[in-house]
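In what follows, a single structure is set out as structure tokens and then discussed.
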């Protein structure tokens, strides 16, 4: 079996018989990352920690990792790949919401790619002291990434709910919908 055929079969399996499992795995990754940002905000706004020390849960044990643009870019890339690969299993309204989350993640990925490139080259955007994304020139980084994660997460969850409760016209063969019956029928 050739590599493209293997890849095609794997993607097909992730969007059919393993779609529910793949979505839950992806959701686990997203919620874990989202929780890290919420803990970081809690450390800043409730515990009054200085921003450089507020690194979420991972930052307590691996501060060097949290300060690394490699980890942040890697996560943005995993998110983008997850949205693209799992997109094939969505239809109708659910696909519209999934696509919205995907396109927001495309921008979020671009911002992280820009940060990663700056950290690799040592040349920061507009001569800033640290790697800086486009919108970070207007909004503080912690708040900006809380916002990014929220606006990616919200349509993703809507897509997953609509996917599990499809209308009759959106009903397809997918193991994600309980009993594969549309919400509008029963």
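The values are calculated or read from the model by the stated rules, or taken from the named source; none is laboratory data. Bear in mind that the values here come from a model prediction, so they are computed numbers and not experimental data. Glycine also receives a Cβ, built like all others from the backbone with ideal geometry; neighbour counts cover every protein chain displayed.
If you go through the range 88-102, how many residues are at pLDDT 95 or above and under 16 Å from residue 11 (Cα atoms)?
The qualifying residues number 0.
Being more than 30 Å from residue 24 (Cα to Cα) and outside any loop (DSSP other than H, G, I, E, B), is that true of even one residue in the range 99-117?
yes
For residue 70, only one of the following conditions fails: (1) under 21 Å from the mean Cα position of the chain (by Cα); (2) within 18 Å of residue 145 (Cα to Cα); (3) surrounded by 13 or more Cβ atoms within 10 Å (Cβ to Cβ). What is its number?
Just one mismatch for residue 70, condition (3).
Taking interchain pairs and intrachain pairs at least six residues apart, which have beta carbon atoms under 9 angstrom, with the first residue in the range 1-30 and surrounded by fewer than 12 Cβ atoms within 10 Å (Cβ to Cβ) and the second assigned to a helix (DSSP H, G or I) and modelled with pLDDT under 90?
Listed by first residue and then by second, the contacts come to 1/9.
Is it the case that some residue within the range 108-116 is within 16 Å of residue 76 (Cα to Cα), surrounded by 14 or more Cβ atoms within 10 Å (Cβ to Cβ), touching a residue at least 60 places away in the same chain (Cβ under 8 Å) and in contact with a helix residue (DSSP H, G or I) (Cβ under 7 Å, 6 or more places away or on another chain)?
Within the range 108-116, not a single residue is within 16 Å of residue 76 (Cα to Cα), surrounded by 14 or more Cβ atoms within 10 Å (Cβ to Cβ), touching a residue at least 60 places away in the same chain (Cβ under 8 Å) and in contact with a helix residue (DSSP H, G or I) (Cβ under 7 Å, 6 or more places away or on another chain).
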